[in-house]
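The values are calculated or read from the model by the stated rules, or taken from the named source; none is laboratory data. Small disclaimer: the values here were computed from a predicted structure and weren't measured. Neighbour counts are summed over all protein chains in view; Cβ atoms, including those assigned to glycine, are modelled from backbone coordinates with ideal geometry. SASA here: full protein model, heavy atoms, side chains in, ligands and nucleic acids out. Shrake-Rupley method; radii C 1.70, N 1.55, O 1.52, S 1.80 Å.
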Amino acid sequence: LCSFIVPALVSRGDLTVAISTSGASPALARKIRQTLEQQFGEEYALVLQVLARVRELVSNDDHSPEARQRLFTALVESPLLEYVRQRRMDQVDALLQRMVGPQCTCAALGVTF
């Protein structure tokens, strides 16, 4: 008998997904959380680190907000996540250099996996 509901959470670094059934079925919320935990692995935390560092890098350049939005949409739609999942840092570096610029590598961003 309370007036608050605690959602089930899936956290992967800066990614947090909350699941709530408004108190109707905590068991279903738990089942959904377990499913999402399998679907969203630790690679999501690593990809978010890469994207955050790229955001810092390009926020100081002369690109328009629209150009930055196109860049991040392209990065999210690229094979970046799969390369990180496979721990293919060489492929991540090649992708970043092609899409962001030759100076953009995991080492330069301070990201390791």
Residue count, segment 1-14 (criterion: touching a strand residue (DSSP E or B) at 6+ places or on another chain (Cβ under 6 Å) and either over 25 Å from residue 49 (Cα atoms) or not β-branched (Val, Ile, Thr) (or both))
3
Scan 105, 35 and give me the residue that is under 25 Å from residue 9 (Cα atoms) and either modelled with pLDDT under 95 or polar (S, T, N, Q) (or both).
35
Limited to segment 25-40, what total is found for residues that are over 19 Å from residue 5 (Cα atoms) and not β-branched (Val, Ile, Thr)?
5
Taking segment 15-38 and keeping residues over 28 Å from residue 51 (Cβ atoms), of a type outside the set (A, V, I, L, M) and out of contact with any strand residue (DSSP E or B) (no Cβ under 7 Å at 6 or more places or on another chain) leaves 21, 22, 23, 25, 26, 31
Pull out all pairs, ordered by first then second residue, where Cβ-Cβ is under 9 Å, the residues are six or more apart or on different chains, the first lies in segment 4-28 and is on the phi < 0 side of the Ramachandran plot and polar (S, T, N, Q), and the second is open to solvent by 50 Å² or more (accessible area, probe 1.4 Å) and assigned to a strand (DSSP E or B).
16/9
Tell me, which helices (runs of 4 or more DSSP H) wholly within segment 6-113 include 3 or more residues that are open to solvent by 80 Å² or more (accessible area, probe 1.4 Å)?
26-39, 43-59, 65-77
